[in-house]
Amino acid sequence: MANFIFRVFLTLVLSYLCNRVNGNANFKDVEEKLKQLNKPAVKTIQSEDGDIIDCVDIYKQPAFDHPALKNHVIQMKPSFDLKDEKLSSKNEPAELAVFQTWQRSGSCPEGTVPIRRIRREDLLRAKSVQQLGRKPHEAVLNSSTTIEHRDGQLPSINTTAVALPIIVNRSAATLVTLGYNYIGAKGIFNIWNPNVEAQDEYTTAQIWLKAGPGDNFESIESGWTVNPQLYGDKRTRLFVHWTKDSYKTTGCFDMTCSGFVQTSSQHVLGGSIGPVSTEFGKQYYLRVGIYMDPNTANWWLKIGKDIPVGYWPASTLMFYLNHSSTMVEWGGQVYSSNVKKKPHTKTGMGSGKFATGLKGNACSILNIAIVDFSMQLKYPQWVGTWADEQYCYTALNYHEGYGKLPNFYFGGPGQNYNCP
């Protein structure tokens, strides 16, 4: 009798465990989600970093799960050419030959796009199947900062100050420009691999292009990140992200939902990148640009030597961003439930060193530029620096000499003597 009761108890326990995933989903949900996300592969590549890369027919990628893209014809390349884009490359650092690890193991054939396969363990790490690849909603506290002109004069935007939100569970250090209509932005990002303390935390170095009201903004984003909950490791990875309601119910990283149309067969969104910079050693950089095509209103992502990776389609994404962005930010962000409180997270931003360390020590963004309707790359007329927690992470727009445009430095270690 005792053995029978034990067997019944064990069966119930195993049944419960087999139908729970992180307390929020069952295995049936997981299998259905995997089938939805992972499209049939023409070719599969096993990357040495552990990723599995599927070469998927370009018209069978996840973007086409979106109802608005049912009859969408892919725009294979941008229809525009920025006037100063090629000229600006003369002033860029030489170490732009960054590779993705998977590229050492193979390549995808023409007519396909490489997509990082989502595995069962990726879903098990997520808070729920529905939350895979999504940033948590931004809960906003009111605050403000000052945006300064390059010559030190204050612009007439909200008199002398511009309200920027303080976000719960996020700490940012950024360069900000706003007040105009922007249809593009770029920067050369110094590549590092900062410490991330907990699995559910992440750190980014990125560009944001935003439009719309502060509590319901639209945003398209790209850069590099260390995000162990999403990717299962602490490697530095290329990412894209989007939202059209300040992360409430829409948007995701990479290809974990339908929202980004990839055209490049050379790059994997979410793929690890390298080499990474070393303190006072060799520095490596990744060029990231996001530009609206004036003929289609699609927002294109270009990386490296102006290689188009794909685009956010105008038909599926935005209302405000269908015209232009009204705010651009460059810099870093740490997500953690232990920011703006004690004890503070030890998750680093940028290189993990403060902005005052400058080249070789702090993370930098070089050749910052915006694009307006003149279709020319130019330095923003109005810029300001912003740091949510200046004793934990800092921001510095640094002029190296007369006649030179400033380089932006940002980052920090998180918890330290002045940020307990």
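The values are calculated or read from the model by the stated rules, or taken from the named source; none is laboratory data. Being a predicted model, the structure only gives us computed values, none of them experimental. Methodologically, a virtual Cβ is constructed for each residue, glycine included, from the backbone with ideal geometry; neighbour enumeration extends over all protein chains shown. Surface areas here come from the heavy atoms of the whole protein model, side chains and all, with no ligands, DNA or RNA. Shrake-Rupley method; radii C 1.70, N 1.55, O 1.52, S 1.80 Å.
Quick notes on this one:
- Index of the failed condition, N338 passing every other in (1) modelled with pLDDT of 95 or more; (2) buried (at least 20 other Cβ atoms within 10 Å of the Cβ); (3) under 26 Å from T250 (Cα atoms): (2)
- Among residues of the stretch 117-147, those that are charged (D, E, K, R), open to solvent by less than 20 Å² (accessible area, probe 1.4 Å) and at pLDDT 80 or above, counted: 2
- All conditions but one from (1) assigned to a loop (DSSP other than H, G, I, E, B); (2) open to solvent by 10 Å² or more (accessible area, probe 1.4 Å); (3) modelled with pLDDT under 95 apply to E197; the one that does not is (3).
- Residue list for the stretch 216-252, restricted to those being in contact with a strand residue (DSSP E or B) (Cβ under 6 Å, 6 or more places away or on another chain), over 21 Å from V276 (Cα atoms) and surrounded by fewer than 21 Cβ atoms within 10 Å (Cβ to Cβ): T250
- Inside the stretch 257-277, residues that are touching an Asp or Glu at 6+ places or on another chain (Cβ under 9 Å), crowded, with 20+ Cβ neighbours inside 10 Å and over 20 Å from Y247 (Cα atoms) make up a count of 4.
- Here the condition is being assigned to a strand (DSSP E or B) and either among the hydroxyl-bearing types (S, T, Y) or under 23 Å from G304 (Cα atoms) (or both); of A205, A173, it holds for A205 alone.
- Residue check, S277 part of a loop (DSSP other than H, G, I, E, B) and over 28 Å from Q131 (Cα atoms): yes
- Within the set H344, H323, the sole residue that is at pLDDT below 95 and over 17 Å from S246 (Cα atoms) turns out to be H323.
- Taken over the stretch 15-47, residues that are at pLDDT 85 or above and either in contact with a Ser or Thr (Cβ under 6 Å, 6 or more places away or on another chain) or of a type in the set (S, T, N, Q) (or both) amount to 7.
- Any hit, the stretch 297-312, residues being surrounded by fewer than 20 Cβ atoms within 10 Å (Cβ to Cβ), in a strand (DSSP E or B) and hydrophobic (A, V, I, L, M, F, W, C): yes
- Subset of the stretch 48-65 [buried (at least 20 other Cβ atoms within 10 Å of the Cβ) and either farther than 26 Å from G251 by Cβ or in contact with a helix residue (DSSP H, G or I) (Cβ under 9 Å, 6 or more places away or on another chain) (or both)]: D51, I53, V56, P62, A63
- Index of the failed condition, I207 passing every other in (1) closer than 18 Å to P62 by Cβ; (2) in contact with an Asp or Glu (Cβ under 7 Å, 6 or more places away or on another chain); (3) open to solvent by less than 20 Å² (accessible area, probe 1.4 Å): (1)
- Among the residues making up the stretch 359-415, those that are among the aromatic types (F, W, Y), farther than 25 Å from D306 by Cα and either buried (at least 16 other Cβ atoms within 10 Å of the Cβ) or in contact (Cβ under 8 Å) with a residue 24 or more places away in the chain (or both) are W382, W386, Y391, Y393, Y398.
- In summary, M349 fulfils each of the numbered conditions (1) open to solvent by less than 10 Å² (accessible area, probe 1.4 Å); (2) in contact with an Asp or Glu (Cβ under 6 Å, 6 or more places away or on another chain); (3) not basic (K, R) with the single exception of condition (2).
- In the stretch 334-358, residue nearest to D306 (Cα to Cα) [restricted to those that are small (G, A, S) and assigned to a loop (DSSP other than H, G, I, E, B)]: G350
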